[in-house]
Amino acid sequence: MSEDLSLVKGSKAERYEHLIPQIKGLLSGESDIVANLSNASAALKETFGFFWVGFYLVRGEELVLGPFQGSVACTRIKKGRGVCGQSWERDTVLIVPDVDAFPGHIACSSLSKSEIVLPLRKGGHFLGVLDVDSDILNDFDEVDEQYLTQLCNWVGDHCF
Ligand code: SME
């Protein structure tokens, strides 16, 4: 399969509809988790121009920075800390429209304004999170949640 993404213009939902099958195709041909999470991050960032896209993976009592696209980020997050640690503790998707209004938000960059964090699971077992940050306030909604949940479910089931 070609490594070039085919990008379309259109609504956010249309772009997800076009992108997710391409990510599945790209990742299906490879078994290495670092390669696959790297390409998933790159595909999301390239398609939507998000400020930062990446994975944090459970390592003992912490989340540790995994493959990502964007500026340097904090490497370790304890359960319950920041948006990622809260998503882990509460085992749920979190959409934060204004990171400055989120108590305990971990500011890796002052340019990040809003974010969505989604659990990655396999067979109900919590593996880590997908963290997507935007430099625009209130950039994420239920459309992102719906499609990124679909992607995370697939990545959890097929890539770990
Ligand atoms: N936003 C995260 C920290 C990680 S960086 O944004 C890449 C949080 O508060 O959990």
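The values are calculated or read from the model by the stated rules, or taken from the named source; none is laboratory data. Fair warning: this is a prediction, and the values are worked out from it, not measured in the lab. Here Cβ is always computed from backbone atoms with ideal geometry, including for glycine, and neighbour counts include all displayed protein chains. Quick note on the areas: whole protein, heavy atoms, side chains included, nothing else; ligands and nucleic acids left out. Shrake-Rupley method; radii C 1.70, N 1.55, O 1.52, S 1.80 Å.
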Exercise. Conditions: (1) aromatic (F, W, Y); (2) within 11 Å of the ligand (Cβ to nearest atom); (3) in contact (Cβ under 8 Å) with a residue 40 or more places away in the chain. F140 meets all but one. Number of the miss?
Worked result: (2)
Exercise. Does Q86 satisfy the criteria of being in contact with a strand residue (DSSP E or B) (Cβ under 8 Å, 6 or more places away or on another chain) and of a type in the set (S, T, N, Q)?
Worked result: yes
Exercise. Does the stretch 92-112 contain at least one residue that is within 16 Å of L57 (Cα to Cα) and either charged (D, E, K, R) or in contact with a strand residue (DSSP E or B) (Cβ under 9 Å, 6 or more places away or on another chain) (or both)?
Worked result: yes
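Counting only residues that are open to solvent by less than 10 Å² (accessible area, probe 1.4 Å) and among the hydrophobic types (A, V, I, L, M, F, W, C), which one in the stretch 19-49 is farthest from D144 (Cα to Cα)?
L27
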Problem set entry | Criterion: within 11 Å of the ligand (Cβ to nearest atom), open to solvent by 40 Å² or more (accessible area, probe 1.4 Å) and either touching a strand residue (DSSP E or B) at 6+ places or on another chain (Cβ under 8 Å) or within 30 Å of D4 (Cα to Cα) (or both) - qualifying residue of F55, F68 | F68
For this session: State all residues of the stretch 93-136 that are assigned to a loop (DSSP other than H, G, I, E, B), more than 10 Å from the ligand (Cβ to nearest atom) and at positive phi; if no residue qualifies, say none.
Result: G123, G124
Problem set entry | Count of residues meeting criterion [over 12 Å from V129 (Cα atoms) and either within 15 Å of the chain's Cα centre (by Cα) or not in a loop (DSSP other than H, G, I, E, B) (or both)] in the stretch 76-88 | 3
Exercise. Just one of the numbered conditions (1) open to solvent by less than 60 Å² (accessible area, probe 1.4 Å); (2) away from the ligand (no atom under 13 Å from the Cβ) is not true of Q150; which one?
Worked result: (1)
Exercise. How many of the residues making up the stretch 113-127 are in contact with a strand residue (DSSP E or B) (Cβ under 8 Å, 6 or more places away or on another chain), more than 21 Å from D139 (Cα to Cα) and open to solvent by 40 Å² or more (accessible area, probe 1.4 Å)?
Worked result: 1
Seminar exercise, completed: Per the filter on the stretch 82-92, residues surrounded by 15 or more Cβ atoms within 10 Å (Cβ to Cβ) and more than 7 Å from the ligand (Cβ to nearest atom) are Q86, S87, W88
